[in-house]
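Each remark here refers to the structure printed beneath this line.
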Amino acid sequence: MPQLSTRNLLGIKDLTPKDITLILETADHFKEVLSRPIKKVPSLRDITIANIFFENSTRTRLSFELAEKRLSADTMSFSASGSSVKKGETLLDTVNNILAMKVDMIVMRHSSVGAPHFLSKHIPARIVNAGDGTHEHPTQALLDSFSIRERLGEVGGKKVAIIGDISHSRVALSNIFALQKQGAEVAVCGPLTLIPKYLHKLGVKVFSNIQKTLEWCDVANVLRIQLERQTSRNFPSLREYALYFGINRERLEKLDKQIVVMHPGPINRGVELTSDVADSEHAIILDQVENGVAVRMAVLYLLAQQIR
């Protein structure tokens, strides 16, 4: 059976195009499993997975927990807010205490860039990065690619625009890597104060006009404005952001084609997307949520094959 070229999923940057194809094709199988009356398989019956979240999460955490249950894994969950981390315990001590309970895999979200990479050098368990600071969010990028492929047939050759708060997004960088490795063209659009200057080195187009961006792209992946991560005011107001960069029905109706609209959630309705776009035939936002379970099942399954 084909295997991943890496023992952990720390970021899309570490994956080969073959790895991405293997994950998406494995997710096809699990998507079919999830449509059955009995949605559970015994694939990870002897594997123990710890979900360690040092940052708040709803969609990602629930998606991983459901994926683990669908694979019949034994799971345990850890939240920093009610743990000894608040008493000063280090990250490594926290994880080593969890590993002492014979855990095979760790799914981790952390506010510090590189936290999963640091752990991978010190512990034997397989690690899945569920988001590290403003760096990467690999499973989100994989489920986004899976969703594009499901709607448009393939990712290669498509034009994908990532719109919004690029600077503070871990979704953006992972998506850029994943899309380019599959042969897609990538562009970003947003206030220049929210677009990192290094992006041109990655071969990414930069737009400052939302209408021109929508005319260029086949897919618009719209990101939330992350006010909680911003240390300074990057634009005058949310109202002005919505006026210049928000996607509404009127902007879509000006196009001479139908594009696909995506969003990793949670949506600030009326800011980056109006409700009549978020709930329209253009949007595949709920498909992304559904596909997230299948893709995370695929990632966990493939990494677990290396443990046995």
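The values are calculated or read from the model by the stated rules, or taken from the named source; none is laboratory data. Keep in mind it's a predicted model, so treat the numbers as computed, not measured. Every residue, glycine as well, gets a Cβ built from its backbone with ideal geometry; the counts of neighbours run over all protein chains shown.
In table form, for the structure just shown:
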item	result
Residue count for segment 104-124, restricted to those that are in a loop (DSSP other than H, G, I, E, B) and more than 17 Å from the chain's Cα centre (by Cα)	5
Restricting segment 115-125 to residues that are in contact with a strand residue (DSSP E or B) (Cβ under 6 Å, 6 or more places away or on another chain) and not aliphatic (A, V, I, L, M), the residue that is surrounded by the most Cβ atoms within 10 Å (Cβ to Cβ)	P116
Among residues of segment 165-193, those that are aliphatic (A, V, I, L, M), in contact (Cβ under 8 Å) with a residue 24 or more places away in the chain and more than 22 Å from T60 (Cβ to Cβ), counted	4
Residue in segment 194-210 that is modelled with pLDDT of 95 or more, of a type outside the set (V, I, T) and in a helix (DSSP H, G or I) present	no
Qualifying residue in segment 143-164 (condition: touching a residue at least 24 places away in the same chain (Cβ under 8 Å), in a helix (DSSP H, G or I), crowded, with 24+ Cβ neighbours inside 10 Å and among the basic types (K, R))	no
Condition broken by L300, with the remaining ones in (1) over 18 Å from F64 (Cβ atoms); (2) touching an Asp or Glu at 6+ places or on another chain (Cβ under 7 Å) satisfied	(1)
Members of segment 190-207 that are crowded, with 16+ Cβ neighbours inside 10 Å and among the basic types (K, R)	K205
Pair list, Cβ < 6 Å and 6+ apart or interchain, from segment 109-123 residues that are closer than 16 Å to A50 by Cα to residues that are at pLDDT 90 or above and of a type in the set (F, W, Y)	R109/F53
Options E290, E240: the member that is among the acidic types (D, E) and modelled with pLDDT of 95 or more	E290
Close pairs from segment 237-249: first in the same structural domain as K212 (by TED's automatic domain parsing) and assigned to a helix (DSSP H, G or I), partner exposed (fewer than 15 other Cβ atoms within 10 Å of the Cβ) and not β-branched (V, I, T), Cβ under 6 Å, at least 6 apart	R249/D276
Residue in segment 64-72 that is surrounded by 21 or more Cβ atoms within 10 Å (Cβ to Cβ) and in a loop (DSSP other than H, G, I, E, B) present	yes
Tally, over segment 261-292, of residues that are under 13 Å from the mean Cα position of the chain (by Cα) and either crowded, with 23+ Cβ neighbours inside 10 Å or among the aromatic types (F, W, Y) (or both)	6
Among residues of segment 125-142, those that are assigned to a helix (DSSP H, G or I) and among the aliphatic types (A, V, I, L, M), counted	2
Test: residue in segment 18-40 that is outside any helix (DSSP H, G or I), in contact (Cβ under 8 Å) with a residue 24 or more places away in the chain and polar (S, T, N, Q)	no
Residue check, S43 touching a residue at least 24 places away in the same chain (Cβ under 8 Å), among the polar types (S, T, N, Q) and part of a loop (DSSP other than H, G, I, E, B)	yes
Looking only at segment 165-189, and only at residues there that are modelled with pLDDT of 95 or more, within 29 Å of H110 (Cβ to Cβ) and of a type outside the set (A, V, I, L, M), the one that is surrounded by the fewest Cβ atoms within 10 Å (Cβ to Cβ)	Q180
